[in-house]
1. List the residues whose amide H sits under 5 Å from the amide H of residue 363, counting only those 5 or more places along or on another chain, with H placed 1.01 Å from N in the peptide plane.
2. Quickly work out the residue 20-to-residue 339 label distance, labels modelled 7 Å from Cα along the C-beta direction, and quote it in nm with one decimal.
3. Listed here are the pairs 213/392; 347/392; 49/257; which of them are more than 26 Å apart at the Cα?
4. Restricting things to alpha carbons, find the Rg to Rh ratio for the range 316-435 using the Kirkwood radius for Rh.
5. Measuring from a point 7 Å past the Cα of residue 35 along Cα-to-C-beta, which residues in the range 60-74 have an amide N at less than 12 Å?
6. If one takes the longest principal axis of the Cα atoms in the chain, at what angle in degrees, from 0 to 90 and to the nearest 10, does the Cα axis of helix 374-389 lie?
7. Give me, ordered by chain and number, the residues 5 or more places off residue 146 or on other chains with an amide H under 5 Å from its own placed amide H.
8. Tell me which chymotrypsin sites (Phe, Trp or Tyr not before Pro) from the range 331-371 have a DSSP coil assignment and no more than 16 other beta carbons within 10 Å of their own.
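The values are calculated or read from the model by the stated rules, or taken from the named source; none is laboratory data. Predicted model, so just to flag it, every value in this text is computed and none were measured. Cβ placement follows ideal geometry from the backbone for every residue including glycine, while neighbour counts extend to all protein chains displayed. The protein model used for the area step is the full one, side chains on, heavy atoms only, and it has no ligands, DNA or RNA in it. Shrake-Rupley method; radii C 1.70, N 1.55, O 1.52, S 1.80 Å.
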Amino acid sequence: MKSMIIDYLSDVLEDYRPDDSGEQASYIPELAHADPDHLAVCLATIDGKVYAVGDPEVEFTIQSISKPFVYALALEDRGFDTILEQVSVEPSGEGFNELSLDDLGRPFNPMINAGAITTHSLIGGDDWTEGQRLQRIINGLSDFAGRRLQIDERVCGSELDHAHRNLAIAHMLRNYDVFTQNPPTVVEGYTRQCSLLVTARDLAIMAATLANKGINPLTGKQIVSARVVRQVLSVMTTCGMYNSAGDWVTQVGIPAKSGVAGGLLGALPGQVGLATFSPKLDNHGNSVRGVRIYERISRDMGLNLMEIPPTVQSVIRNTTVLNEGMGEDEVCVYALQGSLRFAGAEKIVREFSNQDIYEPKVAFDLTDVHALDRVARRMILEVARRLIQDGKKVYLIDPDDVIPAPNADHHADPHLKLKTKIEVVRSRSELRKEES
């Protein structure tokens with residue numbers, strides 16, 4: 001069977017192919033000569049499946065789409081405190097190439113050029129050479145893409161010949177001691193960073209890596225930590241589309257980053273990575289057809305972050321008693337269901353807070369629990385531990401290891417001294433009393 005996802009993406013692509021509005025980035029001569037007819041749409045899942053239509057293998061330079069990934073590497077290399085001291089995370093409300101600092105003398109965010117140049121200078125350690133920084137960036141972005149990326153020397157040279165504004169920004173940053181390196185050296189490295197060649201397919205995988213908590217879905221490699229990813233996606237949401245970020249959040253609602261070569265990347269946490277490629281830009285520097293395609297896909301597929309998913313009305317599907325009438329062998333089994341976060345776990349806490357349990361044994365059946373976050377996990381384990389404190393024997397029926405290591409010390413309440421640990425079984429049958 002042919003996938004309907006491919007059919008859908010093909011229909012969307014063809015619907016917007018006739019849109020001829022916008023212009024190529026004329027201030028970079030090599031980009032001004034890009035073929036305006038190129039168009040690609042790619043969707044990558046967090047388990048590595050890629051759906052691609054149009055021109056997904058055409059290479060173009062990554063440009064500003066490199067910014068969130070280099071920001072991620074800088075956070076990983078230097079830590080949050082160091083980076084936040086140098087670069088803020090507030091939307092600037094200005095164009096990407098404005099010469100502006102906040103009241104503390106920091107660039108407003110790492111998605112505008114002033115912040116991105118500063119972030120580039122912070123890669124690695126204070127004693128690193130520009131060559132070491134650039135190699136770290138190439139290696140890191142290649143890890144995000146799942147293949148080795150190369151610099152387009154022709155585009156890089158064209159950009160360097162017209163890098164006067166970035167040089168002015170860099171000299172201003174050096175004047176305010178935002179960084180201490182030689183401004184032309186930093187600008188050259190930053191320009192080479194922006195000249196890495198990618199495809200729409202690469203960008204979809206890079207986005208899926210962010211959506212997958214920093215784990216590349218093709219290679220399985222953890223590129224950056226989940227905490228770093230959360231920071232990066234947050235800044236992309238508020239700053240990634242420059243001074244059209246407000247329109248983007250309300251109309252599309254996917255953390256995103258655009259590039260002046262026509263690429264547009266979006267990462268929806270826990271779901272998918274998206275990428276489009278179309279060289280003609282609007283007056284904000286974003287791909288015209290790319291923006292329209294994202295608006296359509298988000299609307300059709302309900303991908304806006306603010307889209308409220310349907311909730312499971314009953315987190316506890318049913319309650320049954322095993323070995324009924326057999327005294328100390330009676331087990332009250334609570335069958336849980338759904339993907340649980342705080343709100344779902346709160347219903348479980350409320351259920352146990354409002355009733356008395358008379359059976360000596362209690363089991364939580366997690367067979368139909370598809371996923372749960374760390375907060376829900378801790379809340380359920382805390383319910384179990386309090387039941388143990390009340391003298392109950394507690395089991396987890398957990399065939400798929402939804403709650404790994406329930407007895408790990410770091411999950412325990414230090415004020416709760418347990419004499420009996422939670423017992424994990426794989427099925428209800430293990431709890432049934434065998435008849436003699």
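1. For residue 363, the qualifying residues are 332, 333, 334, 395.
2. It works out to 4.3 nm between the two label points.
3. Result: 213/392 exceed 26 Å.
4. For the range 316-435, the value is 0.93.
5. 60
6. Its long axis makes an angle of about 20 degrees.
7. Hits under the 5 Å cutoff: none.
8. Answer by residue number: 358.
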